[in-house]
Amino acid sequence: MTGPPAPVECPDCAGTTFLLVNCRCTRGGNRLLVDTTNPTTHEAYVDCLLCHGIGTVAVPCHDCRQLGTRRPQLVLTVVNLDTGAVASASVVPGSVEPGFDRDGHPALDLAPLVLDLATQVGVASVHELTTPDRPFEELTVLLPNAWRPDLPTEQRRSLEATGLARRSGDPWLVHVGRSTPAPPPPTVQERLAHLAMLAGQLCLDLVIEARRQSSGELTWAIRYDTPAAPVPAEQHRRYDSLTAALDSTAVTDALHGLHERALTAPAYLVVPNGPPRPPTALDLDVDRLEQRIRAGCADVRTDKPLLGAQAIWRDGRWWHTGLRQAGSWETYTASDTGQIVRRSQTRAERVCEPPDPSWQGPAVPSLDCPNCTGSQSPLASCRTCRGSRRIYLGAVVTITDLDNQVLHLNWLADAERRVPAPPVALQPDGTPVVALPSHYRLAHWANILGVRPEHLTELDTRAPVDPGSRDGLIPLHHPDDDALTRHVATLTAGRPAARLLVRTSLPASPPLAELIRLVHGLHLALAVTVEFDQPQPDTSLREYAEAWQVDVLGPDQVPHFTPQRPFHPSLESAVATCRAYLGMSICAAVPTDPRRAIPVPQSPALSTGTDDDPEENVRQLGRRHPGQPVAALLTPNGCHVHLRIPDGGGT
């Protein structure tokens, strides 16, 4: 490319920097009370606070960032993680010969270009980094329907520029791969087997559900639940078939929302009676399972349709039940249009409940939450019970690596026999802090299992385990408080059925040196920030606790970099998060001015043994300046150390 492509008028806002869209009031029509079960899009609300009865409102055009023009350029990059080699290509009008997609629309097919770049850097298989939900084979740029191969060259290039500009919301697509082929993805039977085995290990139910929508079609969802948890009002993620649901539902997806679904479910101790029974080939027959669930969506006596059906994997077998309506309720909320929105929801229940699981022990003792007593619904904002209405006097802690390692701990508080908890420190306000025995410390069990305590995360929310709870350090605000009672009440508040599910292993992430090589190959910079606690005798709970942060910066962001307070408990955790959101960082590194071209990085393969890991050097810098964020800004041209000066004095 001889120069940056000339910006074109934004195809969406036509250069005006804003769009006229239908006001939200038109969904309910000209009425004060809006019913979401019968929406309309015909008439505006005359007293609307947003559009004043006009029916349309002006909103900023986000696709062009309110500039009115967009860049007709797309950059494709392939990186070999094993060698560090990088190859890129700039797609501008005229650089790729247009064709037609399977539906007959004119389009630019970019998959062959990606495969050619992969060949150049020796990558055996690639996957898209910036948009992982779309495989690279589907990388196409749709062109305006007016494009035809017999048009004059200037007119064809203008239409191609319009298509590329419309695609410019995600202008830099980075694909990564390795020199050896990636293993084939698991089959749906293997995915189902893994979900079922984990359900048995974690002592949870695996629920496969088909739910009938208003259109009459069935939608499918997969989730983990605790026994006797109520049927949720809506499916979190819906799919058209069981196969599609299995292909798209990871363990973390199935756990999503567990703490909300099972917040008020009965709580029991977990007493496993041996290893869970693995599913058989018949249990994993996906077609047979789907047919059985579909058959359960109708009443066996009257053949009338039900709300849906479920298959529940519990105690090594499938239990089948239909879903029926069990009443409904309405909610009323004020809209910013000035209208009142009424939403009706149907309460579903199972036609029959499976037998109690064999691992279910005695009920976890509890007390009524004093803050929620008398209220008609649980107070989700209650800081004491966080919506469960109960103060639990016990907790079930499950620690797992989501593979073969699982440990269940039952902790019960007893007011008659208090566990010894000697004072170890004072908080800054003078509140004494006591230390529970090692049995009640998650850090103790992490060490026994051979994992780092700072890597413990909550399985259903993916949040780091609170350091105080992890180390068994409990502040006692009243002299008569029992440390273990307070500990289990804190652990179980807002968690499903008095259970805390803890993961010991971090998501797969590359070493820091590999991430540096990847980022530098893209001609970007990496900032590694660390901060150590300021040691304070007699008040510090953990001396020299450390926190980390890893950020990717573009050339325009480097001069303005200021280290912020890091929040990841370990460097590995920070690297894993940086890698997970690397696509967003790459998009943020693209120049905002559409008159500037996107760089097209190229890098040769690096020799082995050239990776330098700066972790220990950064850690030593952090120890020298406790209480202050210290960052090493690693650019392709060198390293710069940034120290945040206290009281806003800059760096």
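Observations
- Cα gyration tensor shape of segment 175-293, rounded if a/c is under 1.5, else prolate or oblate by comparing a/b with b/c: oblate
- Accessible-area composition of segment 306-459, carbon plus sulfur, in percent [1.4 Å probe]: 50
- 12 Å reach of a label modelled at Asp35, 7 Å along Cα-to-Cβ, counting backbone N of segment 333-347: 342-344
- Per-peptide average of other Cβ atoms within 10 Å, ordering 384-395, 11-22 highest first: 384-395, 11-22
- The order of the peptides 115-125, 417-427 by mean Cβ neighbours within 10 Å, most packed first, is 115-125, 417-427.
- The mean sequence separation of alpha-carbon pairs under 8 Å and at least six residues apart, normalised by the residue count of the chain, gives a relative contact order of 13 percent.
- Relative contact order (percent, whole number), segment 145-224, Cα cutoff 8 Å, 6+ residue spacing: 15
- From the coordinates shown, mean projected area of the Cα convex hull in nm² corresponds to which of (1) 36.0; (2) 33.4; (3) 61.5: (1)
- Rough spin-label spacing in nm, given labels placed 7 Å along Cα→Cβ, for Asp613 and Asp429: 4.2
- Rounded percent of accessible protein surface that carbon and sulfur make up, segment 562-633, 1.4 Å probe: 52
- Descending by average beta-carbon neighbour count within 10 Å, the peptides 43-54, 166-177 line up as 166-177, 43-54, the highest first.
- Spin-label model distance (nm) - Ala281 vs Arg462, 7 Å beyond Cα toward Cβ: 3.7
- In the context of the full set of protein chains, the chain has a per residue accessible area of 50 Å² (1.4 Å probe).
- C-alpha center-to-center spacing [segment 325-359, segment 563-588] in angstrom: 38
- Within the chain, Cys203, Cys297, Cys352, Cys382, Cys578, Cys587, Cys639 have no other Cys Cβ under 4.7 Å of their Cβ and so lack a disulfide-compatible partner by this rule.
- Overall, the accessible surface of segment 15-74 at a probe of 1.4 angstrom is composed of carbon and sulfur to the extent of 53 percent.
- Heavy-atom accessible area order for His560, His444, largest first, 1.4 Å probe: His560, His444
- Counting charges near Gly169 (Lys, Arg +1; Asp, Glu -1) among other residues having Cβ under 9 Å from its Cβ returns a value of +1.
- Taking the helices alone, the chain has a mean residue ellipticity at 222 nm of -5500 deg cm²/dmol, built from -39,500 (n - 2.57) per DSSP H run of at least 4 residues and averaged over all its residues.
- Other residues within the sphere of radius under 12 Å centred on the Cβ of Val57, judged by their own Cβ, net out at 0 (K and R +1, D and E -1).
- Two-site FRET efficiency, Leu407 against Ala588, from Cβ-Cβ distance with R₀ of 45 Å, rounded to 0.05: 0.65
The values are calculated or read from the model by the stated rules, or taken from the named source; none is laboratory data. Bear in mind the structure is a predicted one, so any value in this text is a computation, not a measurement. In this analysis, Cβ positions are derived from the backbone assuming ideal geometry, glycine residues included, and neighbour counts consider all displayed protein chains. Ligands, DNA and RNA are excluded from the accessible area calculation, which covers all protein heavy atoms including side chains. Shrake-Rupley method; radii C 1.70, N 1.55, O 1.52, S 1.80 Å.
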